[in-house]
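See structure below.
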Amino acid sequence: MYRVALGYDLHRLKIAKDSTVICGGIEIPCDLAIDGAHSDGDVIFHALTDALFSVVGKDIGVEFPNTDPQNLNRSSDEFLSCAFENIKNSYCIINIDIIVICDKPKISPYSLEIRKNIATLLQMDIEDITIRGKTTEQTNLLTIQAYTNVLFQKNKI
């Protein structure tokens, strides 16, 4: 049996000279920074965590609420690792497709590094992970969004 899950995340950005934005566990130099996120604000890992949890009926906001002081500035790779632990005995990840929407930072120069990072964390082949950056065409300069589609196959017991 196959299942498909859609994950999503969005964060506001603020002007911050000589800063970085974390995407897929990679710090990307930028003159913008995540504004108001409780954790590190990694939209890719949040969207992936959202998709992985959904296949087992869980919710990232319930598992890692932004009201919990333990999640303040927490690295999102911990969220993704927890979600993977929740699914790995029941489901195999077949492929992941990611779209990041923002005008800055530019994602494509970092896509290979992000894909490698995800492949390592989720014990996958890098060829089964795609990532694309899209702009807002200057309609929403101070947000960053990520959508993920994940195809799962139920493990045979």
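Read-outs throughout are calculated quantities, based only on the coordinates presented, and are distinct from any laboratory measurement. These numbers come from a predicted model, not from an experiment. In this analysis, Cβ positions are derived from the backbone assuming ideal geometry, glycine residues included, and neighbour counts consider all displayed protein chains.
Here is how the numbers come out for the structure above:
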read-out: Label point distance in nm, Tyr2-Ser108, each placed 7 Å from Cα along Cα→Cβ; value: 2.9 nm
read-out: Calculated FRET efficiency for the pair Ser90/Ala16, C-beta based, R₀ 35 Å, to 0.05; value: 0.30
read-out: Option label - Rg and Dmax of the Cα atoms in Å computed here, alternatives (i) 15.3, 47; (ii) 15.1, 53; (iii) 17.5, 55; value: (ii)
read-out: Ranked Met124, Met1, criterion: other C-beta atoms within 10 Å, fewest first; value: Met1, Met124
read-out: Estimated [θ] at 222 nm from DSSP helical runs (n ≥ 4, -39500 (n - 2.57)) normalised by residues in the chain, nearest 500; value: -7500 deg cm²/dmol
read-out: For segment 52-103: rounded, prolate or oblate by the Cα gyration tensor [a/c cutoff 1.5]; value: oblate
read-out: Relative contact order (%) - segment 2-154, alpha-carbon pairs under 8 angstrom, separation at least six; value: 34 percent
